[in-house]
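Participant: Dropping a structure here in structure tokens format, bear with me for questions.
Bear in mind that the values in this text are calculations on the coordinates, not laboratory data. For clarity, every value in this text was computed on a predicted model and none was experimentally measured. Here the Cβ positions follow ideal geometry from the backbone for every residue, glycine too, while neighbour counts run over all protein chains shown.
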Amino acid sequence: MAAAQIELKPDWARISFDFTPATYADFHYFWLRHNCPCLNGCRHTTTKERMIDASVIPLDIRPLRAVVATTVSEDGEGDEQPAVAFFWAPIATKDDSGNLAVLDDKEHVSVFPIQWLRENAYAVNRTQSHELPPHDTNLVTINYLDFVAKYPANANKNPASENVKLDEQGSVLYKAAVFDNLKNYGVAVIRNRGSDTEDIIYDFIDSTADVISTHFGRIEHLHTGNVENANNDQLGYTNSAVRLHTDLCYAESAPGFQFLHCIRPADQGGENYFVHVESAANYLKTEVSLRAYELLTTVPVKFDRKQKHFKAQLVNPILRLSDEINTETGERKLAQVRYSYFTQAAQNNVPFAELREWYEAQQVWDKLLYRDDFQIKADLQAGDVVIYDNFKILHARNGFTGPRHMAGVYFEASDLWHHLSQAKEQSLEIQSNQRD
């Protein structure tokens, strides 16, 4: 008897068929729920015709679980056949009067014969897929004190004290670790770095370089009652939540990197979270909606910063693709995301008949970004630093109470990569010498 294996992914199931040649197919969960063959509300008990309306199936539906099972033919005769059973939480369906009602059952079961799934498969041996964005905070976290304990600049210095320097080797290895995190994930969370923002700046750039000054100033002091910065009439200087965005979307040359240094955490709330946009965009394209991806990469959006003493405007797609084409795939990689709900102006350059489709694409995108399994979360404490790629990482914070204070600094990407790549090369030399 032919068998099957099931692998439940976040948005679809992969079912492997034990046929010759061996094959597998991917099935969206909403497609499976819509095609449920049961006679308990989904198919007519006599005619077996579909009764369930596609409009009642949530597009983000997921099964509670799935198991390999067996079933018999529709006429009830013959041998048992291999099948796959999906168990769902109840959903609202239309009754005979067309009103929505939830069926009175704890779980809804859909049993699909393997042969039927194979005959109706629409993604057989699909190879172009993308995993979820990185969302494990441990992957991107570095504890500065771990390096201090091994490589203090002064052996008599207390490693737990403030702003302890590293010796030359420790500094190289620490910066190489930051390099790896930024290359692999676009973000690095550095615990216990210290209290001196100016000192921390030169973890990431040469002493001959400097940060990018903006219309806010050289260093932003993100706290309520801000008097240190110009043009402080913006969300960052309030205690409101600031949802996912990139900075300075309205600037022709947006900064490549930013770091936030926690001077004082909030009494309650104020947690930071991040999304790796390149991974999220690839996931959108291959796993969720190619059409939404196409709209977000082609439809120009107006970003408009209007403050009392500063105005700037720029028109660009939310996802800007590189001009270079990959010769192997024929596709262009993501070059930059510009995404800021609070500086996004009224969308008035899309034809009336197409505007709904564009809004639907943005809603699909938004819902992905705010999923827990897309986000890296970091509750920063005093002395912690987070640095991230402003072209590839979305960042946000929750609302808070209390005198939370963050120092924000921008870098040119070329300055940062020049400095950290040198440390990376030196670290490889150190490791090579240690092996010899």
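Participant: With charges only on Cβ, +1 for K and R and -1 for D and E, what is the dipole size of the range 202-244 about its Cα centre, in debye, rounded to 20?
Facilitator: 220
Participant: Can you give the helix-only mean residue ellipticity at 222 nm for the chain, where every DSSP H stretch with n ≥ 4 adds -39500 (n - 2.57) and the sum goes over all residues, rounded to the nearest 500 deg cm²/dmol?
Facilitator: The per-residue figure over the chain is -7000 deg cm²/dmol.
Participant: Expressed in nm to one decimal, what extension gain is obtained for the pair residue 321 and residue 167 from 0.36 nm per residue of sequence separation less their Cα-Cα distance?
Facilitator: 51.3 nm
Participant: Among 42-54, 260-272, 207-219, how do they line up from the highest to the lowest mean number of other beta-carbon atoms within 10 Å?
Facilitator: In decreasing order of mean packing, 42-54, 260-272, 207-219 become 260-272, 207-219, 42-54.
Participant: Looking only at 154, 192, 181, which one moves most when the chain is put into a Gaussian network model with springs between Cα atoms under 10 Å?
Facilitator: The residue that fluctuates most here is 154.
Participant: Using only alpha carbon pairs under 8 Å that are at least six residues apart, calculate the relative contact order of the chain and give it in whole percent.
Facilitator: Reported as a whole number, the value is 19 percent.
Participant: Right, next: If I stretch the segment between residue 22 and residue 106 completely, what's the gain in nm (0.36 nm per residue apart, minus their alpha carbon distance), one decimal?
Facilitator: 26.7 nm
Participant: What order do you get for 385-394, 278-287, 420-429, 115-124 when each peptide is scored by the mean count of other beta carbon atoms within 10 Å, highest first?
Facilitator: The packing order, highest mean first, is 385-394, 278-287, 420-429, 115-124.
Participant: Just want the answer: with Cβ charges of +1 for Lys and Arg and -1 for Asp and Glu, which residue in 117, 426, 374 is farthest toward the dipole's positive end in the chain?
Facilitator: Result: 374.
Participant: Then there is this: In a shell of Cβ-Cβ distance under 9 Å around residue 133, excluding residue 133 itself, what net charge do Lys and Arg (+1) and Asp and Glu (-1) give?
Facilitator: Surrounding charge for residue 133 is -3.
Participant: Continuing with the same structure: For residue 143 paired with residue 9, estimate the spin-label separation in nm (one decimal), with each label point 7 Å from Cα along the Cα-to-Cβ line.
Facilitator: 3.6
Participant: To make sure I understand, if each residue's beta carbon is the centre and we count other beta carbons within 10 Å, what order do 314, 32 fall in, fewest to most?
Facilitator: 314, 32
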